[in-house]
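In what follows, a single structure is set out as C-alpha cells and then discussed.
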Amino acid sequence: MRPEASVSRRQNRLVFRGQIVIATVPFLLSETEVIEPVRGGALTLDLAGVDHVDTAGVAFLDALRSRIEKNGLECRIENAGERNARTLEVFSSRKFDSQAPVRPPGRENIFEKLGGRAMRIFGNLHQFFLLLADTFYYAIIGLFNRRGMRKGDFINQSILIGMNSLPIVGLISFLIGFILALQSAAQLRQFGAAIFVADLIAIAMTREMGPLITAIVLAGRSGSAITAEIATMMVTEETDALRSMALNPVRYVVVPKVYAITMTMPMLTILSMLIGIFGAMVIGLVYLDIGMEPFYREVVNALILKDILTGFIKSVVFAWLIVMIGAYYGFQVRTGAEEVGRATTASVVASIFWVILADSLLGLAFYLGQPVFV
Amino acid sequence: MSQNKNLPVIATDLTAGFGGTRVLDSVSMDAAEHSITMILGASGCGKTTLLKNLIRLLDPWSGSIRIFGQEITGMDEPEFNGILRGIGVLFQNGALLNSISIAENVAIPLEQHTELPRELISRLARVKLGLVGLENASSRFPSELSGGMRKRAALARAIALDPPLLFCDEPSSGLDPVTASGLDHLLLEMRDKLGMTLVIVSHTVSSIQRIADRIVFMDAGKVLFRGTIREARSAGIEKMEEFFKNG
C-alpha cells in the first residue's frame with residue numbers, strides 16, 4: 001500500500017498525519033514551502049498523528065525546523081511518541097546545521113594555474129624518465145639474468161604483440177600500397193611515367209609508410225592493451241603484491257614486453273613494406289599493364305640500403321615509444337575502472353602523436369640536406 | 001520452514017553453482033520481517049553464492065526464491081528492478097564507484113529513485129555517512145579511504161533509501177573490534193527503529209552472538225541448521241559447535 005501523509009495548520013501548530021517517509025516527503029515539502037506568519041514567536045510540529053518516520057522524514061523535519069529557526073522563530077516537535085522520538089534522535093541531521101558546508105577549494109589565479117601545470121608537466125616527465133631508466137636497466141640486466149621475469153612471457157608477448165597483429169598490419173599495408181599506387185598512377189600516366197609508380201611506392205613504403213602504418217596499428221592494438229593491463233594491475237593492487245614478493249613490477253611486467261616488441265616490430269615493419277609494394281604491384285599489373293618482373297626490377301633499382309635501414313631504425317624507435325608510453329600511462333592509474341579507460345585512451349593518443357613526431361624528426365635527421373630521391 | 005508466503009525472503013530447494021560445479025545443494029531458508037537472519041559457515045561453504053542468488057546476481061539451477069512474497073526466479077528485469085528498489089546490498093569489498101566522492105556514492109540511489117530536492121539529498125547523504133562515522137570524510141574519494149572506511153561508506157549507500165530489506169556480505173570483516181561493535185549496534189537500530197529485515201552473511205562469531213535473531217548454518221553447500229542461537233547450542237551439530245568454539 002502506498003504511504004500517505006497530510007499536514008494542516010492550526011494556529012501555531014503544524015499538525016502532521018500518516019507517514020513521514022521517503023515517498024511522502026516531496027508532497028510534504030511542497031505543502032510546507034510557504035509558512036504563514038506565526039504569532040507569539042514559536043511554531044510547534046505536532047506528530048501525534050504520525051505512524052512512522054524514516055530517515056528521509058527526519059531529514060525533512062530537521063530541514064523544516066532549521067528554515068523556521070533561521071527566520072528568528074522557535075520551533076519544537078511535540079507528541080512524537082517514544083519510537084518516533086528515538087528515530088528523530090538517532091537519525092538527526094541537526095548537528096550539520098552548525099557546521100560549515102563542505103566547500104570546493106577556492107579558484108586559482110592565473111599564476112597558480114600556470115605554476116601548477118608546469119609542476120605537473122615536470123612531475124610527469126620525472127616519472128616517465130624514472131620508468132625509462134628502470135626499464136632500460138632491467139632490460140639490460142634481464143639479458144644476463146632471467147630472474148624476476150615470468151618464464152615464457154617473452155614468447156607469449158611476442159605472439160600477442162607481434163604475431164596476432166600480422167593480419168591487420170598486412171591488410172592495411174596492402175590497401176595503403178594499393179591506394180597510393182592507384183592515385184599516383186592516375187597522375188604519372190599523363191606524362192608517360194607510369195613505371196615510376198614502382199619507385200614511388202617502394203621508397204614511400206620503406207622510408208615512411210611501412211614503419212608508420214605498423215606503429216599506428218600497434219599503438220592502437222598493443223599500446224592500449226599494455227596500458228589497460230598495467231592499469232588494472234594497479235587498481236587491483238597486483239603491482240603491490242609483486243613488490244611484496246620482492247619482484248619489481250617494471251622488470252616483471254614491462255621488460256618482457258620491451259623484448260617482444262623490439263623483436264617483432266621490425267619484422268612486422270618489413271612485412272608491411274613488402275605487402276604494401278605487392279599492393280602497388282597489383283595495380284601495376286591490372287591498371288598500368290606493367291608486368292611483375294619489370295615492376296620488381298624498378299623497385300630494386302629505386303631502393304638503396306639506407307631506405308631499408310631508415311625504416312628499420314624507425315620501427316625500433318616507434319616500438320620503444322609505444323611500450324614506454326603504454327606502461328607509463330598504466331602506472332599512473334591509482335583509483336578505478338573509469339581511470340583505466342581514461343588512461344588507455346590517453347595512451348593511444350599520446351603514442352600516435354609521439355610516433356608521428358618522432359617520424360618527422362627522424363625523417364629530417366636522415367634526409368636533411370640531401371636530394372629527396374637519393 | 002515457515003508456511004507464511006509473505007515473508008521478506010524465502011528460498012526453497014535452491015540448487016546453484018558455476019559451470020558444472022554445484023555450490024548450493026537444495027538450500028532452503030527464510031528471513032522473518034523486522035529480524036536479523038545471519039548465514040554462517042566456513043569459507044567456501046556457499047554463503048556468498050546464496051546471497052548472490054537471493055539478489056539475482058546469479059541465477060539458480062533450480063528451486064524457488066520469493067522476495068516480499070513474489071517469486072523472482074524468471075521474473076523480467078523491469079519488474080525485478082521494482083523489487084530491487086526495496087533492497088539494499090552491502091558487498092564484501094564495498095563496491096563503491098571510485099570516480100566520485102563517497103557522499104556522491106550515497107546520493108546515487110536517492111537521485112535515481114526519489115523526487116527529493118538536491119538540498120535534502122545532500123542532507124540525507126551526510127546523515128547516512130554520519131551514522132557510519134564518516135561525516136567528516138564526505139568529500140573524499142574511495143581510494144583515499146581505508147578498507148574499513150570504504151565498507152562503512154558502502155553501508156551508508158546501501159541504507160540510503162531506508163530499504164525494508166538489507167543484505168550484507170561480511171559487514172564486519174576487516175574492521176577493528178570497536179568499529180565492528182558500533183556497526184552491529186547500527187544494524188540493530190536499523191531493525192528496531194526503521195523496521196528493516198536484515199540478511200547477513202558472516203563468520204564473525206562475536207557479531208553473530210550480538211545481533212542474530214536467527215541463524216542459518218551452512219556446510220559444503222547444504223544447510224545444516226536453521227533456528228535461534230539458543231537452539232543451535234543444543235542442536236548437537238558437531239561442525240557448528242566447532243565453528244562457534246573456534247570462531
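Throughout, read-outs are computed from the coordinates displayed, never taken from laboratory work. Since this is a predicted model, take the numbers as computed values, not measurements. Note: ideal-geometry Cβ built from the backbone for every residue, glycine included; neighbour counts use all protein chains shown.
Label-to-label distance for A:Ile110 and B:Lys239 is 7.4 nm, based on points extended 7 Å past Cα in the beta-carbon direction. DSSP beta bridges confined to the protein assembly as shown are antiparallel in about 45 percent of cases. By the beta-carbon count within 10 Å of each Cβ, the least crowded to most crowded order of A:Leu88, B:Leu90, A:Leu305, A:Leu285, fewest first, is A:Leu305, A:Leu285, A:Leu88, B:Leu90.
Rg over Rh for segment A:300-374 works out to 1.18, both radii taken from alpha-carbon positions and Rh defined as the Kirkwood radius. Shielding by partners for peptide B:156-168, expressed as the average number of C-beta atoms from other protein chains within 10 Å of each residue's C-beta, is 1.
By the Stokes-Einstein formula, at 1.002 mPa s and 20 °C, segment A:5-91 with its Kirkwood radius over alpha-carbon pairs has D equal to 167 µm²/s. All C-alpha pair distances within chain B, sorted into 10 Å bins from zero, spread as 7, 31, 36, 20, 5, 0 percent across the bins. When you restrict to C-alpha pairs under 8 Å that are six or more residues apart and normalise by the size of segment A:1-75, the relative contact order lands at 35 percent. Measuring against 27 Å, Cα to Cα, the residue pairs A:Lys70/A:Lys113; B:Lys151/B:Lys239; A:Lys151/A:Lys314; A:Lys95/B:Lys151; B:Lys222/B:Lys245; B:Lys5/B:Lys193 contain A:Lys70/A:Lys113; B:Lys151/B:Lys239; A:Lys151/A:Lys314 as the ones spanning a longer distance. Mind jotting down the distance between the C-alpha centroids of segment A:307-349 and segment A:224-242, whole Å? Computed from Cα coordinates, the inter-centre distance equals 14 Å. Figure legend: label point modelled 7 angstrom from the Cα of B:Asp192 along Cα→Cβ; residues of segment A:64-97 with amide N under 17 Å from it are A:81-92.
Simple point charges give the picture: +1 on the Cβ of Lys and Arg, -1 on the Cβ of Asp and Glu, and for chain A a dipole about the Cα centre of about 600 debye. Residue by residue along A:58-65, Cβ atoms of other protein chains within 10 Å of the local Cβ number 4 on average. Partner shielding of A:333-339 amounts to 4, given as the average count of beta-carbon atoms from other chains within 10 Å of each residue beta-carbon.
Amide H contacts under 5 Å for A:Gly49: A:Phe16, restricted to partners 5 or more places along the chain or on a different chain, H placed in the peptide plane at 1.01 Å from N. In order along segment A:338-343, the phi-based Karplus estimate (6.51 cos²θ - 1.76 cosθ + 1.60, θ = phi - 60°) of 3J(HN,Hα) comes to 5, 5, 4, x, 5, 5 Hz; Gly and Pro are listed as x. Angle of helix A:224-235 to the longest C-alpha principal axis of chain A, folded into 0 to 90 degrees and rounded to 10: 40°. Based on the Cβ-Cβ distance of A:Thr232 and A:Ser8, what FRET efficiency does E = 1/(1 + (r/R0)^6) give at R0 = 51 Å, to the nearest 0.05? Using R0 = 51 Å, I get an efficiency of 0.30. Counting only DSSP H runs of at least 4 residues, each contributing -39500 (n - 2.57), and dividing by the residue count of chain A, the helix-based mean residue ellipticity at 222 nm comes to -21000 deg cm²/dmol. Could you estimate the translational diffusion coefficient of the protein assembly as shown from the Stokes-Einstein equation, with Rh from the Kirkwood formula over C-alpha pairs, at 10 °C and 1.306 mPa s, in whole µm²/s? Estimated diffusion coefficient is 53 µm²/s. The relative contact order of chain A comes to 18 percent, based on Cα pairs under 8 Å that sit 6 or more residues apart. Centre-to-centre, using Cα atoms only, segment B:15-42 and segment A:140-181 are separated by 48 Å. Annotation: peptides B:65-72, B:191-198, A:235-242, ranked by per-residue average of other Cβ atoms within 10 Å with the highest first, follow the order B:191-198, B:65-72, A:235-242.
The simple spin-label model puts a point 7 Å past each Cα toward its Cβ; for B:Lys5 and A:Arg117 those points are separated by 6.8 nm. By other beta-carbon atoms within 10 Å, ranking B:Asp162, A:Asp97, B:Asp219 with the fewest at the front produces A:Asp97, B:Asp219, B:Asp162.
Sorting A:Val286, A:Val340 by the number of Cβ atoms found within 10 Å of their own Cβ, with the fewest placed first, yields A:Val286, A:Val340. Expressed as a fraction of 2.2 N^0.38 Å, the value expected for a compact globular protein of N residues, the C-alpha radius of gyration of segment A:250-317 is 1.52. For segment B:78-226, DSSP calls about 30 percent of its internal beta bridges antiparallel. For segment B:151-247, what does the alpha-carbon gyration tensor say about shape, rounded, prolate or oblate, given a ≥ b ≥ c as the root eigenvalues, a/c under 1.5 as rounded, and a/b over b/c as prolate? Taking the square roots of the gyration eigenvalues as a ≥ b ≥ c, segment B:151-247 is prolate. Based on DSSP H segments of at least four residues, each scored -39500 (n - 2.57), chain B has a per-residue ellipticity at 222 nm of -11000 deg cm²/dmol.
With a Cα-only, solvent-free Debye model of segment A:148-192, what are the log10 I(q)/I(0) values at q = 0.17, 0.18, 0.21 Å⁻¹? Result of the Debye calculation: -0.63, -0.65, -0.74. Each 10 Å bin from zero holds the following percent of Cα-Cα pairs in segment A:142-367: 9, 29, 29, 18, 10, 5, 1, 0.
Remark on B:Leu58: its backbone amide H falls under 5 Å from those of B:Asn53, a criterion applied only to residues 5 or more positions apart or on other chains, H modelled at 1.01 Å from N. Hey, what did chain B get for relative contact order, percent, Cα under 8 Å, at least 6 apart? It rounds to 27 percent for chain B. Karplus-based coupling profile of segment A:189-198, in residue order and whole Hz: 4, 4, 9, x, 10, 4, 4, 6, 4, 4, with θ = phi - 60° in 6.51 cos²θ - 1.76 cosθ + 1.60 and x standing for Gly or Pro.
In a simple Cβ point-charge model (Lys, Arg +1; Asp, Glu -1; nothing else charged), segment A:1-155 has a dipole of about 680 debye relative to its Cα centre. Computing FRET efficiency as 1/(1 + (r/R0)^6) for A:Arg146 and A:Ile179, where r is the C-beta to C-beta distance and R0 is 45 Å, gives about 0.50. With a simple spin-label model that places each label point 7 Å from the Cα along the Cα-to-Cβ direction, the separation between A:Leu364 and A:Gln187 comes to 2.4 nm.
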